[in-house]
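The values are calculated or read from the model by the stated rules, or taken from the named source; none is laboratory data. Here the structure is a predicted model, which means the values were calculated and not measured. Here the Cβ is made from the backbone with ideal geometry for all residues, glycine too, and neighbour counts use every protein chain on show.
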Amino acid sequence: MKILKWFLYIVLGLVTLLLVIAAFLPNKKVLKNSIVVNSYPRPIFGLVNSLKNWEKWSPFSEEDPSMVSEYSGSEYGVGSHQSWKSKKSGNGSMTILESVFEKKVVYDLDLDYGGKDSTLFILERVPEGTKITWETRISKAGYPMGRLMWLVAEGMMNKTFNKGLENLKKVVENLPPTCKSGDVMESIEPAKIYLTITDTLTTESIASFFGKAYGKIGGVMKTSPGVKMIGAPAAFYNGDPSNPTWIVTAAIPVNIEPKKLSQGISVLRTPEQKTVWIVHFGDYSTSSDSYYKLEDYIKNKGYQITGGSLEEYMTDPMVVGDPMKIETKISFPVK
């Protein structure tokens, strides 16, 4: 009986000690893991901004190949939803709540234990490429077992997240090239005259806008004697690409100003100015790579950007066929 009594005292003491330890442990937890990838943010963003694309690198599906996932909502960005069933990882779902172009993706994380947590990716440009930070926020660790379990689980979870980042790095760095660009150049551009139409647009509405705008400008040129197109169709962009909308100006360079303009069409005169430019080869959706290259050059030279970017569409995608032959000249005015 004496031995049993001491045994009970020891068990009670251990339980009390664990309860005291648990009381001092946080009921919220943040796991943060990072890796640097030799790439611009674009391909990384594409792999984390679509839950379907997680299949290409996710450590969870790698740990449990029998995991069953279902997808709904948007294919990319806000509203993209995934639910899963896994004997090893448990059941749950994720929904993209916030998507900032090539900078951040935030997900609502709903796990089968009833917790409402979140996970997010932050992309940051660094000299070696892009730093990816994968952060998971556990909103409530129950007392006492939930908090005590984190003492054991935290190391395992960090190992899993680091494995996911390594997978993501490997996938991105082994992707076949989808675009390329030439060297950054400088030149003094002569003064020019453009016929323009301006609107505030989303990514989804740009293509249809250009078709209508260029057609309308072309109609004015046909009815204006002596007015000729003297360069490639172009567009001026003003705004931050991370915002949902920005101001876009469809522009056609002409030799002289028409005597009469249709409603909605304006004349834009640009002065002689110094520009920094690059020629991008690839689908328009890949152009951010060349923008980063331009911006790095401008920063390193100590130049100041004095206006919005100008894109000149040197080839017609419908004619060239091969996306790698789509040629776009991108420039910024600088001083």
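Tabulated results
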item	result
Hits in segment 288-302 - residues which are assigned to a loop (DSSP other than H, G, I, E, B) and touching a Lys or Arg at 6+ places or on another chain (Cβ under 7 Å)	none
Among (1) under 17 Å from residue 185 (Cβ atoms); (2) of a type in the set (Ser, Thr, Tyr); (3) free of Cβ contacts under 8 Å to residues at least 24 places away in the same chain - the single one residue 290 does not satisfy	(3)
Condition met for residue 311 (assigned to a loop (DSSP other than H, G, I, E, B) and within 21 Å of residue 231 (Cβ to Cβ))	no
Residue among 135, 75, 102 that alone is crowded, with 16+ Cβ neighbours inside 10 Å, of a type outside the set (Ser, Thr, Tyr) and part of a loop (DSSP other than H, G, I, E, B)	102
Neighbours by Cβ (under 7 Å, 6+ apart or cross-chain): first from segment 67-81, closer than 13 Å to residue 55 by Cα; second assigned to a loop (DSSP other than H, G, I, E, B) and of a type outside the set (Lys, Arg)	67/86; 67/89
Where a residue in segment 207-223 is farther than 16 Å from residue 316 by Cα and its partner, wherever it lies, is small (Gly, Ala, Ser) and at pLDDT below 95, with Cβ under 6 Å and at least six apart	220/262
Some residue of segment 46-62 being under 18 Å from residue 112 (Cβ atoms), hydrophobic (A, V, I, L, M, F, W, C), at pLDDT 85 or above and in a strand (DSSP E or B)	no
Test set (1) closer than 27 Å to residue 40 by Cβ; (2) exposed (fewer than 13 other Cβ atoms within 10 Å of the Cβ); (3) not acidic (Asp, Glu) - residue 184 fails condition number	(2)
Every residue from segment 220-237 that is surrounded by fewer than 17 Cβ atoms within 10 Å (Cβ to Cβ) and among the β-branched types (Val, Ile, Thr)	223, 230
Residues of segment 262-287 classified as free of Cβ contacts under 8 Å to residues at least 12 places away in the same chain and part of a strand (DSSP E or B), total	0
Residue within segment 111-118 that is at pLDDT 80 or above and under 30 Å from residue 172 (Cβ atoms) present	yes
Among (1) surrounded by fewer than 19 Cβ atoms within 10 Å (Cβ to Cβ); (2) among the acidic types (Asp, Glu); (3) not in a loop (DSSP other than H, G, I, E, B) - the single one residue 257 does not satisfy	(3)
Some residue of segment 222-240 being more than 24 Å from residue 42 (Cβ to Cβ) and assigned to a strand (DSSP E or B)	yes
